[in-house]
1. Provide the per residue accessible area, probe 1.4 Å, for region 169-247, rounded to a whole number of square angstrom.
2. Please give, to one decimal in nm, the separation of the simple spin-label points placed at His228 and Thr121, each 7 Å out from Cα toward the Cβ.
3. By how many nm would the segment from Val79 to Arg281 grow when fully extended, if each residue of separation counts as 0.36 nm and the alpha-carbon distance is taken off?
4. Using a probe of 1.4 angstrom, how much of the accessible area of region 151-203 is carbon and sulfur, in percent?
5. Can you work out the accessible area per residue across region 310-386, with the rest of the protein chains kept in place, probe 1.4 Å, in square angstrom?
6. About the Cα centre of region 138-248, how large is the charge dipole given +1 on each Lys and Arg Cβ and -1 on each Asp and Glu Cβ? Please answer in debye to the nearest 20.
7. Among 345-352, 143-150, how do they line up from the highest to the lowest mean number of other beta-carbon atoms within 10 Å?
8. Over 18 Å apart: what share of the alpha carbon pairs of region 114-243 falls there, rounded to a whole percent?
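The values are calculated or read from the model by the stated rules, or taken from the named source; none is laboratory data. Since the model is a prediction, treat every value here as computed from it, not as a measurement. Every residue, glycine as well, gets a Cβ built from its backbone with ideal geometry; the counts of neighbours run over all protein chains shown. Surface areas here come from the heavy atoms of the whole protein model, side chains and all, with no ligands, DNA or RNA. Shrake-Rupley method; radii C 1.70, N 1.55, O 1.52, S 1.80 Å.
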Amino acid sequence: MGEKDIKSDASKSAATREESLRAAFYDDDVDVEEEGRVGTTEEILLVPRSRGRKNSKHRFELNKQQKSRGRILVALLVVAVLLGTGVYLLLWVIDTKSEHPWLPSSAPSPESPDSPPSSGTAPQLEIVISAYETSPGSLKAQLDSIKAHPNVGSRNLVVTVYHKDPNLDESSYLQESGVDRVIRLPNVGREGETYLHHMSDRYDSLAEYTLFMQETGHDLGDGGPLPHWANDRLDVFQDRSFISLAHTSWLFTMNCLRHDYVYTPDVMRRIPQVFALATGRICPGDIVVIDGVIDLALSKFSAKGQFIVHRDQVRKQPVRLYQYLDSVISADQSNFVHIGSAQDGNPSQPSNPYFGHVIERSYHMLFDCWDKASPRCRDGCISCVK
């Protein structure tokens, strides 16, 4: 064999080995060490490249798997965040009605039998009366006196009586009293329970203004002309958020520690508690400073449970507050509210709870008309402007 043939065969062998190595580089299944031969320098340099290619492909597959897992984890995290946000918003909506989360949670039923007829809009003025034994004829005479006032009679007016006599003949009572409707209630809680029930049940359907009164209509007339002080207040009630309809002899000064009325021992220990519920603050105490002058009276309050209030002022308190107070004032004999309380030697009981006197003197607080220093306060908070 000639030298040229030898060189040719060597070249062919080298080319074959190079082709084999290149195939190994692109094909993981090719073994670069064939027939036990040891590779040349070029082979040695190429073999790691082939193994590096195998490792690179393996790393690429790992990276793909890791990226896929990462996307799944991110998706799960997003879902968890959305679910958590949804639960938080749901809890917020449930509690958003109240600034008093410690109060029991409930809401007035839109299907309540106490609700006004669904046709038409809410009346401009509703007179709400708590009744038990006054004759329907006497009630009609009092209502005639009130309706005769031009600022009352000229309005879209509805009269609702909540009656607590279990033996009441509703049809004859409606006919003789001239009221629009009668709603039966259990005989518990005095007139305060009636008012709280109405505000709770009609919270979302209140008239623009509601005049609350007892069936006796203290000093509000008996068919004749109204007294001048009542006329004066009815003249301006549309400009007020709250106005008392008690005679001036039933208006008292008070603060959170004392007032100038006889029912001090039991009433005064509860009034600061109602104040805290209504205002969200501790009752300020015995001395109030107004314009640099010390004033021992925080505000006026009125007895007799007669007043007019705008629905927006009622709704500044959460419905749960009225419902809670209603549950307290109507509680059975075993409730704490009756313990240690008495009026003229008669123990507190569900039909005549002493707590009723507390509520009777707390409407100024409930309707934010208690602070004599407020620019909204008129005549020592007999009324408050909007």
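1. It amounts to 37 Å² per residue over region 169-247.
2. Label at His228, label at Thr121, 3.7 nm between them.
3. Stretched out fully, the Val79 to Arg281 stretch lengthens by 68.6 nm.
4. Ligands and nucleic acids excluded, carbon and sulfur reach 43 percent.
5. I get 39 Å² per residue for this part.
6. 120 debye
7. 143-150, 345-352
8. Tail of the P(r) past 18 Å holds 53 percent of the pairs.
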